Amino acid sequence: MNEDTIAALSTPAGMGAISVIRISGPEALQIAGKVFVSPSGKSLSAAATHTAHFGTVMDGDSAIDEVIATVFRAPKSFTGEDTVEFSCHGSVFIQQQMLQLLVRRGARMAMAGEFTKRAFLNGRMDLSQAEAVVDLIESESYASHATAMNQMRGGFSRELSALRERLLHLTSLMELELDFSDHEELEFADRSELETIAGDIEKVISGLVHSFSVGNVLKNGIPVAIVGETNAGKSTLLNTLLNEEKAIVSDIHGTTRDVIEDTVNLSGITFRFIDTAGIRDTHDTIENMGIARSFHKMEQAEIVLWVVDNTCAEAQIRQLSPRILPLCSNKQLIILLNKSDQVSAVPTKLSGLPENTVTLSISAKEKTGIQELQNLLVKTASVPELTSSDLIVTNVRHYEALSLALEDIHRVQNGLQTHLSGD
């Protein structure tokens, strides 16, 4: 599989002034040398590793672009193979011309993720580090970036390696007990060392499993459902929070019939705002489907923003409380008294609400109270400050494997406590 030499664009197409085209494989230096012409006349195939060279990519007598060619010789490259990276101008036309030229000279187009796959197969990184590459690319906040960097640098792998050594030590002691069970002078009756080791292992695995709740938030954002009656100002609030016209705003009831989602980074925390269909009694089939989705998204959210028209706040809260409050028992509920610019006073009696309910007066249209809302969201999220050394599980596969391991170590502890025989 690694006998092919592959090439691909390593930067987003048409997204910047400079693009990078990577070639990796046994023929990378020779193929790159066929198309690269240096002013000094030196060939790339003779270039030292980790050196950069200015020159022109030529297709016969036609110049495609002036580039910087960076050479990485095996095994000291990202993939562990001979690699050349061309830094060219960001034109989509130039990118296509260069890739077509490299294919004609003997390379093939790389499949999605193939550079990282080769790095894994060639031992440059383990599987958890390879998976962290995607998390690093997709990171949208400091915390998610720090977590991905730590995992890609092997922090997670080192922790798992240490756990494996402890498990092997536990296993060896159990085997020792079996091997010398006939010798009365060897005392294993209380198994205190086994219990201590098992307890230490359980503590580490349990901590990693429980960190997934934080890791999932860092990776996917905190889901925040925006709910309320029609024309309460939910779509206007979403547009204000996103600072763009994401949702259609209209005086017509039932304008929003499906959920609209987008993310915003506030103080390093990613929030995933979900604008939902207005809740009301209607005979419109499509609108009812949208309302059903609203309740579904409310169940999935960690924070619920209940937008209430401040001109008739008490009536709206009284009417929708039986439908909204039962879904908010384990969530942070924030009631937003919207359209505060149209009323002179805030209602003082809002009874029957959960104890942790927070009420805030805003005007989504005039953008008053929005900064207070953003500060409240950051405070409510209570995401711990992380550094690049913190170990947080963000991958579902890792979480499932660790959960199974935690069940296993619990069975080991139970066996020790009930004096189960070693065999």
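The conditions are (1) assigned to a loop (DSSP other than H, G, I, E, B); (2) modelled with pLDDT of 80 or more; (3) of a type in the set (D, E, K, R), and GLU184 fails exactly one of them. Which is it?
GLU184 satisfies every listed condition except (2).
Please verify whether GLU66 is within 19 Å of ASN122 (Cβ to Cβ) and touching a Ser or Thr at 6+ places or on another chain (Cβ under 8 Å), treating the condition exactly as stated. Can you show your working first?
Working: within 19 Å of ASN122 (Cβ to Cβ): no; touching a Ser or Thr at 6+ places or on another chain (Cβ under 8 Å): yes.
The answer is no for GLU66.
Among the residues of region 384-400, what is the count of those that are modelled with pLDDT of 65 or more and surrounded by 15 or more Cβ atoms within 10 Å (Cβ to Cβ)?
Restricting attention to region 384-400, the residues satisfying the condition of being modelled with pLDDT of 65 or more are 390-400.
Imposing the further condition that a residue be surrounded by 15 or more Cβ atoms within 10 Å (Cβ to Cβ) reduces the set to 390-395, 398-399.
Residues meeting the conditions: 8.
May I ask you to list the residues in region 17-36 that are of a type in the set (Ser, Thr, Tyr) and under 14 Å from THR83 (Cβ atoms)? Before you say what the answer is, go through the steps one by one.
Let us first name the residues in region 17-36 that are of a type in the set (Ser, Thr, Tyr), namely 19, 24.
Selection gives SER24 alone.
Residue-wise test of (1) under 37 Å from the mean Cα position of the chain (by Cα); (2) modelled with pLDDT under 95.
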| site | (1), (2) |
| --- | --- |
| SER40 | no, yes |
| ALA46 | no, yes |
| ALA52 | yes, no |
| GLY60 | no, yes |
| ILE64 | no, no |
| ALA69 | yes, no |
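Just the residues that are part of a helix (DSSP H, G or I) and among the β-branched types (Val, Ile, Thr), please, taken from region 293-326.
From region 293-326, those part of a helix (DSSP H, G or I) are 293-300, 310-326; that's our starting set.
Selection gives THR311, ILE317, ILE324.
Would you mind stating whether LEU237 is in contact (Cβ under 8 Å) with a residue 60 or more places away in the chain, within 17 Å of ALA301 (Cβ to Cβ) and in a helix (DSSP H, G or I)? Reasoning before the result, please.
Working: in contact (Cβ under 8 Å) with a residue 60 or more places away in the chain: yes; within 17 Å of ALA301 (Cβ to Cβ): yes; in a helix (DSSP H, G or I): yes.
Against the criterion (in contact (Cβ under 8 Å) with a residue 60 or more places away in the chain, within 17 Å of ALA301 (Cβ to Cβ) and in a helix (DSSP H, G or I)), LEU237 qualifies.
Return yes or no: is ASN375 part of a helix (DSSP H, G or I), within 27 Å of LEU194 (Cα to Cα), out of contact with any Cys (no Cβ under 6 Å at 6 or more places or on another chain) and at pLDDT 85 or above? Explain how you work it out, then say what you get.
Details: part of a helix (DSSP H, G or I): yes; within 27 Å of LEU194 (Cα to Cα): no; out of contact with any Cys (no Cβ under 6 Å at 6 or more places or on another chain): yes; at pLDDT 85 or above: yes.
Criteria not met by ASN375.
At pLDDT below 95, on the phi < 0 side of the Ramachandran plot and open to solvent by less than 70 Å² (accessible area, probe 1.4 Å): is that true of ASP126 in this structure? Spell out the reasoning first.
Working: at pLDDT below 95: yes; on the phi < 0 side of the Ramachandran plot: yes; open to solvent by less than 70 Å² (accessible area, probe 1.4 Å): yes.
Yes: the conditions hold for ASP126.
Applying the selection to region 86-131, what residues are small (Gly, Ala, Ser) and in contact with a strand residue (DSSP E or B) (Cβ under 7 Å, 6 or more places away or on another chain)?
We begin by selecting, within region 86-131, every residue small (Gly, Ala, Ser); these are 87, 90-91, 106-107, 110, 112-113, 119, 123, 128, 130.
If the condition is that a residue be small (Gly, Ala, Ser) and in contact with a strand residue (DSSP E or B) (Cβ under 7 Å, 6 or more places away or on another chain), then SER87, GLY90, ALA107, ALA110 are the ones that fit.
Within region 294-311, how many residues are surrounded by fewer than 16 Cβ atoms within 10 Å (Cβ to Cβ) and out of contact with any strand residue (DSSP E or B) (no Cβ under 8 Å at 6 or more places or on another chain)?
Just the residues of region 294-311 that are surrounded by fewer than 16 Cβ atoms within 10 Å (Cβ to Cβ), to begin with: 296, 299-300, 311.
Filter once more, so that each one left must be out of contact with any strand residue (DSSP E or B) (no Cβ under 8 Å at 6 or more places or on another chain): 296, 299, 311.
So the answer is 3.
Six or more apart or on different chains, Cβ under 9 Å: which pairs go from a residue in region 154-169 that's closer than 11 Å to ILE197 by Cβ and free of Cβ contacts under 8 Å to residues at least 60 places away in the same chain to one that's surrounded by 12 or more Cβ atoms within 10 Å (Cβ to Cβ) and charged (D, E, K, R)? Could you list them?
Taking only residues 6 or more apart or on different chains, the pairs are ARG166/ASP200.
The values are calculated or read from the model by the stated rules, or taken from the named source; none is laboratory data. All values reported here derive from a predicted model rather than from experimental measurement. Every residue, glycine among them, receives a Cβ derived from its backbone with ideal geometry; neighbour counts consider all protein chains shown. For the accessible areas, the whole protein counts, side chains as well, though only heavy atoms, and no ligand, DNA or RNA atoms are used. Shrake-Rupley method; radii C 1.70, N 1.55, O 1.52, S 1.80 Å.
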